[in-house]
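Peer 1: Take this structure, written in structure tokens, and hold onto it; I'll ask about it next.
The values are calculated or read from the model by the stated rules, or taken from the named source; none is laboratory data. Treat the numbers as computed from the prediction; the structure is a model and nothing was measured. Please note: Cβ atoms are built from the backbone with ideal geometry, for glycine as well, and neighbour counts cover all protein chains shown. The protein model used for the area step is the full one, side chains on, heavy atoms only, and it has no ligands, DNA or RNA in it. Shrake-Rupley method; radii C 1.70, N 1.55, O 1.52, S 1.80 Å.
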Amino acid sequence: MADYLIRRLAILAATLLFTAVMIFLVLEVLPGDPASIILGLDADQAALEALRLKLGLDGPAPLRFLGWFGDFVAGDLGTSYAFQIPVWQLVQERAAVTVPLALLASLLALALSLPAGLFAAINRNRVGDFSVMALSQVGLAVPNFWFAILSILLFAVWLGWLPSGGFPGWNEGILVSLQALILPALALATGQAAILARMTRSSLLEVAEEDFMRTARAKGLTRRQALWRHGLRNALIPVVTLAGLQFGTLITGTIVVEQVFSLPGMGRLIFQAIANRDLPLVKSLVMLFAVAVILINFLVDLLYVWIDPRLRTGHG
């Protein structure tokens, strides 16, 4: 287990360093002059020189990278050029929306997918199975933003059950704030639930062929009872792993949905940073998104080892 953890930590560190190098090259080296990108091609030369000096663009690229990456590791994300406030302050404000949204979307995806996958496995090659697979195919095919628009029309415009957009803030009350996140979370959860439902069905059908399942059936349990009592727990290992990996993509995949629902989250912030040509903010946000995905994948690896004890003494 210790060797496995050391290897994973080494891979984590190497991945973070490689990601930082790629982000720095793409945003500061390859485009040409970042100051010209921020101010525009028609900017005054004096203004360009002043901005280069302010952003520390007058030094060689390797030293600039070491300075930026060292500050990032130390927790200093710099200052936003457009907002003129520390990036870390912006991140804290917007993460208070994006992280709960991603968590709620993950819970909804699990709540929808597990019963659907179990139902499909129990009714294999029957109408119920075909119906679940058809609905999951629709969930995979329909883009998040399109489902978001349809949900606004149905639940906000026609039925009036939920708000169509905006976020009141957590100081207005938890229930009010959660109501504002339900439709965005549902839009994000649809595609994830479709994938998890298919994975749950496949995993359950695979487990159903194991010897212990045949023993359970021989003892008098029906197919439904055997899958529910003995099969589901064993089938959840790949499902939980996939759900953990999906959480990382949910955090980075909120950009479009937050725009549709006018949510002041991390996704909308990076959209605003790109629109404002705020390269310091874009660089820090992209790095934060990458770090979040890498760390979540690392935690999922550890969770997988905890769920499946056979890996603790294996080679990972």
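Peer 1: Subtracting the Cα-Cα distance from 0.36 nm times the residue separation, let me have the gained length for Leu63 to Ser36 in nm, one decimal.
Peer 2: Separation in residues times 0.36 nm, less the Cα-Cα distance, equals 7.7 nm.
Peer 1: In nm, to one decimal, how far is the Leu245 label point from the Gln89 one, both placed 7 Å along Cα→Cβ?
Peer 2: Label at Leu245, label at Gln89, 4.0 nm between them.
Peer 1: Here's another thing I want to ask about it. Highest GNM mean-square fluctuation, the chain, Cα pairs closer than 10 Å: which of Ala111, Ala120, Ala187?
Peer 2: In the Gaussian network model the winner is Ala111.
Peer 1: Taking the 0 to 90 degree range and rounding to the nearest ten, how far is the long axis of helix 61-73 tilted relative to the main principal axis of the chain, both from C-alpha atoms?
Peer 2: 50 degrees
Peer 1: Select one label from (1) 146; (2) 130; (3) 174: the one whose number is volume of the Cα convex hull per residue in Å³ as derived from the coordinates shown.
Peer 2: For volume of the Cα convex hull per residue in Å³, the calculated option is (3).
Peer 1: Go through 254-264, 70-80 and give me the packing order, highest mean Cβ count within 10 Å leading.
Peer 2: Listed from highest to lowest mean packing, they are 254-264, 70-80.
Peer 1: Karplus couplings for the stretch 276-283 from phi (6.51 cos²θ - 1.76 cosθ + 1.60, θ = phi - 60°), rounded to Hz, Gly and Pro as x?
Peer 2: 8, 6, 8, 4, x, 6, 4, 4
Peer 1: Quick one: pull the percent of accessible area on the stretch 128-174 belonging to carbon and sulfur, 1.4 Å probe, ligands and nucleic acids left out.
Peer 2: Carbon with sulfur: 72 percent of the solvent-accessible area.
Peer 1: Ordered by residue, what ³J(HN,Hα) values in Hz, to whole numbers, does the stretch 238-245 give under the Karplus form 6.51 cos²θ - 1.76 cosθ + 1.60, where θ = phi - 60° and Gly and Pro are x?
Peer 2: In residue order, the calculated couplings are x, 5, 5, 4, 5, 4, x, 5 Hz.
Peer 1: Then there's this: Using only the alpha carbon atoms of the stretch 108-155, find the Kirkwood hydrodynamic radius as the inverse mean reciprocal pair distance, in angstroms to one decimal.
Peer 2: Final number for the Kirkwood radius of the stretch 108-155 is 11.8 Å.
Peer 1: List, in order, the whole-Hz ³J(HN,Hα) value for each residue of the stretch 118-126 obtained from phi through the Karplus relation with A = 6.51, B = -1.76, C = 1.60 and θ = phi - 60°; use x for Gly and Pro.
Peer 2: Ordered by residue, 3J(HN,Hα) equals 5, 4, 5, 5, 5, 9, 4, 6, 10 Hz.
Peer 1: Using DSSP to define loop residues, name the GluC sites (Glu not before Pro) in the stretch 171-210 whose beta-carbon has at most 16 other beta-carbon atoms within 10 Å.
Peer 2: Glu209, Glu210
Peer 1: Rounded, prolate or oblate: which one fits the stretch 182-316, using the alpha carbon gyration tensor with axes a ≥ b ≥ c (rounded when a/c is under 1.5, else prolate when a/b beats b/c, else oblate)?
Peer 2: oblate
Peer 1: With the contact rule set at Cα under 8 Å and sequence spacing of 6 or more, what percent relative contact order holds for the stretch 123-237?
Peer 2: For the stretch 123-237, the relative contact order is 25 percent.
Peer 1: Next question, about the same structure. Using Cα pairs closer than 8 Å and at least 6 residues apart in sequence, work out the relative contact order for the chain, in percent.
Peer 2: 26 percent
Peer 1: Moving to a separate point now. Evaluate the relative contact order of the stretch 249-304 (contact order divided by residue number), counting alpha-carbon pairs under 8 angstrom at least 6 apart; express in whole percent.
Peer 2: Reported as a whole number, the value is 25 percent.
Peer 1: Give the long-range amide H neighbours of Thr79: residues separated by 5 or more places, or on another chain, with amide H under 5 Å away, using H modelled in the peptide plane at 1.01 Å from N.
Peer 2: Excluding prolines and chain starts, which carry no amide H, the hits are Val87.
Peer 1: Quick one: angle between helix 2-24 and the longest Cα principal axis of the chain, in degrees between 0 and 90, rounded to 10, please.
Peer 2: Tilt of helix 2-24: around 40 degrees.
Peer 1: Between Ala82 and Ala10, what is the FRET efficiency for a Förster distance of 45 Å, r being their Cβ-Cβ separation, to the nearest 0.05?
Peer 2: 0.75
Peer 1: Working out 0.36 nm times the residue gap between Gln137 and Arg233, then minus their Cα-Cα distance, what length gain in nm do you get to one decimal?
Peer 2: Full extension from Gln137 to Arg233 adds 32.0 nm.
Peer 1: Over every pair of different alpha-carbon atoms in the stretch 81-208, take the mean of 1/r and invert it; report that Kirkwood radius in Å.
Peer 2: 16.4 Å
Peer 1: Given labels modelled 7 Å from the Cα in the Cβ direction, how far is it in nm from Thr222 to Ile274?
Peer 2: Each label point lies 7 Å from its Cα, and together they span 5.1 nm.
Peer 1: Ignoring ligands, DNA and RNA, how do Arg224, Arg217 rank by accessible area with a 1.4 Å probe, largest first?
Peer 2: Arg224, Arg217
Peer 1: Continuing with this model, one more query. Rounded to the nearest 500, what is the chain's calculated 222 nm mean residue ellipticity when only DSSP H runs of at least 4 contribute -39500 (n - 2.57) each, over all residues?
Peer 2: Value at 222 nm, helices only, nearest 500: -23500 deg cm²/dmol.
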